[in-house]
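Here's the structure we're looking at; comments come further down.
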Amino acid sequence: MGKQVSNAAQALAPGEARCPDEPSTQDIIARDKVAAPAWVCSESYQYLGDHDVSVDRYIDPEFAKKEFENLWTRTWQFACREEHIPEVGDYYVYDIGRRSFIVTRVAENEIRAYYNACLHRSTKLRASGTDGSTQEFKCPFHGWSWNLDGSINEIVCDWDFQHVERDKFSLPETRVETLGGFVFINMDMDALPLADYLGAEFMAHIKAWKLEDRYIHSHVMKTLPANWKLSMEAFMEAYHVINTHPQVAVSNADANSQYDTYGEHVNRFISTLGVLSPHLKGQYSEQDVLDQFTIGDSSVLGGSERKLAAGETARQRMADMMREMFEQGTNTDLSGVSDSELLDCFSYTLFPNTFLFAGISLPMVYRFLPHPEDHRKTLFELFFLRPVPVDGNRPEPAEPVRLADDQSFTEAEGVDPGFGEIMDQDTENLLLQQQGCEATAKPGITLGSYQEIRVRHFEQAVSRYAEGR
Amino acid sequence: MPPGSRKALKLDNTWVLVINANDRLFAVSGLCSHQAKPLLNGRVRNCRITCPVHGARFDLATGEALDLPATKPIPTYEVRVVDDWIEVSLGT
């Protein structure tokens, strides 16, 4: 590729250059046997400039403070799944920084979120990291209690609190909305509705995925050794695959992945699988591609026959195998699902801190939370969402598995070993990158115009919120 | 006791809670180790029980306290099925 590329690219407007002499993501998907839906077949790239992004945001505790004051207080955040709180009285404690919220179902179709602190002397009403079921939220200290609807129930020795007006002592609330089985909260009572915040185009995408019909099959937590934004950005492009994950590149069209932005709060990439990396052109056969295919949830594939017939592509064979194996392995009907949805990696970011993966083989959700005490650490959560079995019996959501800092993702129950290895490789880069941001003589990071557009798009939103705009 | 059911009973002055969770029988203290509130109506999920009053969670198999406000375990008891009877041993 080399010099010719840069000559050809020079003739194009900024952001228009693409991996040369290679099929685009849309070209690859268009050859599939079972055609992809509209949300897959669209493109929405926009050039957003080429300035460096300052490293202060990753290394300055003052920047983290601004984020806690101005960003986390004004954005929609995934707090829990509806399946965490299926019955009236069920609750789930969601923390962001030192703020803590009790998300609870107060009626069959009504969920509220309360600031998790007693209005008497501020004791947390429920411990962080817990969930459960109750008829009232009772403070363990002096026994003041609140009804599920947030109104005050009991003031112990109320004769001593004649100055307390009961109707002004309801638990303070946040905004709450649900989408795709996720419960979102926003501390800003004047915030845009969630659908407007995410935008009409993305809303059409997520509605097609029916994530409300999935359940949490596994849930893993681990502290990552870098600022939350660096941690997130490690997952926003396929540009790093050839170097960081060489074992995957053989069956991943990395350099010709597609990148899109939607409004201010959503972006995505589509990275097709079962296709050789442009970096490795001419070095591997279709049979090699098939043999080295690594996916997120390969447990359902079993020991299937993997010899290609003449003229058969690895990608099509993988799609056919996946359809059959996933239907059997997860007891679900996938007859209407396209090859691309079965195979490919659809990575979406919902600002500020959630990744949704829309496909079947990579059914993940990531959540990144800034460590409340240390801007150099991230509380990372990985969820695998599987379709609810066709018999309709929704399994209980998995309890989180907490990995120690030095534990491999491959040690977590429910994580495919190949996928765990990829996560470990991503984690290995992070401490070096955090330290490098602190060591560097260069005040900003430099980004590719196309392959790193999600990073730029994300950081532009961070800047707007952090500065209070 | 079908799966998902539970029963509280007093044996020799000790409150015991017997639970059939995920097709496995457990016998634990009927009272929370935090403020001695009854656990009977606590939600059971993934072989853990949550105290309905203040939210402490306990592992049904080991009795271990998993969260604040509890810091001490609850007693667990040996349980077995003999013919049609469920027997609990207080081990005293």
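The values are calculated or read from the model by the stated rules, or taken from the named source; none is laboratory data. Just so we're clear, the structure is a prediction, and the values are computed from it rather than from any experiment. Virtual Cβ from ideal backbone geometry, glycine too; neighbours counted across all protein chains shown. Just the protein is used for accessible areas: all its heavy atoms, side chains included, with ligands, DNA and RNA removed. Shrake-Rupley method; radii C 1.70, N 1.55, O 1.52, S 1.80 Å.
Ligands, DNA and RNA left out, the accessible area of the range A:77-186 computed with a 1.4 Å probe is 45% carbon and sulfur. Compared with its chain on its own, the range A:104-138 contains the following residues whose accessible area drops by 10 Å² or more in the full protein assembly (probe 1.4 Å; ligands, DNA and RNA excluded): A:Arg126, A:Ala127, A:Gly129, A:Thr130, A:Asp131, A:Gly132, A:Ser133, A:Thr134, A:Lys138. Per-residue packing, averaged as other Cβ atoms within 10 Å, sorts the ranges A:179-187, A:161-169, A:143-151 into the order A:179-187, A:143-151, A:161-169, beginning with the highest. What does the C-alpha gyration tensor say about the overall shape of the range A:1-144? Classify as rounded when a/c is under 1.5, otherwise prolate if a/b is larger than b/c, or oblate. Note, shape of the range A:1-144 comes out oblate. Per-peptide packing, taken as the mean over residues of other Cβ atoms within 10 Å, places A:328-341, A:92-105 in the sequence A:92-105, A:328-341 from highest down. By a straight-distance test (C-alpha under 19 Å), which aspartates and glutamates pair with B:Lys10 as possible cross-link partners, with residues fewer than eight away in the same chain excluded? The qualifying aspartates and glutamates are B:Glu78, B:Glu87. Net charge in the neighbourhood of B:Glu87 (other residues with Cβ under 12 Å of its Cβ; Lys, Arg +1, Asp, Glu -1) is -2. Its Cα gyration tensor gives the protein assembly as shown an equivalent ellipsoid; the semi-axes, largest first and in whole Å, are 45, 30, 20. Largest accessible area first, the listed residues A:Tyr114, B:Tyr77 line up as B:Tyr77, A:Tyr114 when surface is computed with a 1.4 Å probe on the assembled protein chains.
Share of chain B's accessible area from carbon and sulfur, percent, 1.4 Å? About 50 percent, which is the carbon plus sulfur part of the accessible surface.
Look at where the Cα atoms of the range B:2-79 and of the range A:373-407 average out, and the two centres are 25 Å apart.
When only alpha carbons are used to place a centre, the range A:121-191 and the range A:41-119 end up 18 Å from one another. Shown are A:Lys210, A:Lys138, whose ranking by accessible area with a 1.4 Å probe and every protein chain present, most to least, is A:Lys210, A:Lys138. When the residues A:Arg112, B:Arg24, A:Arg126 are ordered by accessible surface, computed with a 1.4 Å probe over the protein chains alone, the sequence from largest down reads B:Arg24, A:Arg112, A:Arg126. Expressed as a fraction of 2.2 N^0.38 Å, the C-alpha radius of gyration for the range A:77-186 is 1.05. Only lysines eight or more places from A:Lys138 in sequence, or on another chain, were considered; those with a Cα closer than 22 Å are A:Lys124, A:Lys168, B:Lys37, B:Lys72.
Taking all protein chains into account, the per residue accessible area for the range A:388-469 stands at 49 Å² (1.4 Å probe). With both labels modelled 7 Å from their Cα along Cα-to-Cβ, the B:Ser89 to B:Asn46 distance reads 3.1 nm. Two tests apply to each whole DSSP H helix in chain A, Cα reach of 18 Å or more along its axis and mean Kyte-Doolittle hydropathy of at least -0.5, and the ones passing both are A:453-466.
Shielding of peptide A:45-57 by partners, expressed as the average count of other chain Cβ atoms within 10 Å per residue Cβ, is 0. Between chain B and chain A, the total buried accessible area stands at approximately 1500 Å², from heavy atoms with a 1.4 Å probe.
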